Each structure stands twice: as C-alpha cells, then as structure tokens.
Amino acid sequence: MITLKKADYEKLLAHARACLPEEACGLIAGTENSDGSEKHIEAVYLIENTDHSNEHFTISPQEQLAAIKDMRAKGLKPLGNWHSHPESPSRPSEEDKRLFFDSKARYLILSLMDKESPVLNAFIVQNHTDVSRDELTILE
C-alpha cells in the first residue's frame, strides 16, 4: 500500500498537464514501515524529461542528484518514480517494464489519455516482466 497527499497528486497532475504533449516525470520520497509493505509519500519531485518525448522519459541526472540530496536532508527515503502517459493507459509499457528494475520501488503512472478523467496507479515490477498494482490511496 502507498499513500499520497491530495496536494501532491494535484502537483503531479498540474505538472503533467503543463508538459503536454510530452511525458512528465519525477521522483517520490517518504517513509515506509519496517517490512516495506506500507509506503507514505512525503515529497514529490518534478524533474525534467530530457528526452522531451510523448512516448518515453529520461530523468535529468542533475535534477535527480539534487532531489536525492534534498531527500537525505529531510530524512526521507527514495520510494520510486512517477511519470505520465499523455496518450496511453495508466499501466507500464514494455519499455517501462524493461527499465523498471527495483522490485522495492513503486512506479506511479498518471494517464492523461482521457483529459477529463486522469488515472493514477502505482505498480511494482519484478524481473522486468512481473507487474502488479499496489493499492494507492490519495489522502485529503
């Protein structure tokens, strides 16, 4: 299970819409319980997609390093990343699965395919092929 504050969801959504028609991306950080089954997002980082593409993303290395330093300064743990799908559903693409390598991380995908009803899901990916949805709760 993973939780996200509504204000942070709105932040992701606004950034993803501002980046259209390109994919938007970033990192998530927070806390987790002792066995890692419950994760709480406390910080969302909006990072440049250096590919400037509507089909894939690469997180800016400089901005990633700055985000990691900020996480450490705040005592937060990196929990994973997020990105948008401007034209496809909220599920990992084949490229996403190939690139998602950390089974402890959560991968949030925000679909803007239906402009009026965006969809955000959290995923766990193991061995580049085994994909499962994690329960995502957006808190007020």
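Read the figures in this text as sums done on the coordinates, not as results from a lab. The structure displayed is predicted, hence computed values, not measured ones. Neighbour counts are summed over all protein chains in view; Cβ atoms, including those assigned to glycine, are modelled from backbone coordinates with ideal geometry.
Structural remarks
- In the chain, lysine pairs closer than 23 Å at Cα, eight or more apart or cross-chain: 25
- For region 38-140: rounded, prolate or oblate by the Cα gyration tensor [a/c cutoff 1.5]: rounded
- Under 5 Å, built H, 5+ apart or other chain: amide partners of residue 23: 53, 54, 55, 56
- Counting only DSSP beta bridges with both residues in the chain, the antiparallel share comes to about 70 percent.
- Separation of alpha-carbon centers, region 87-108 and region 1-40, rounded to whole Å: 14
- Nearest-0.05 FRET efficiency for residue 87 and residue 37, computed from C-beta distance (R0 41 Å): 0.80
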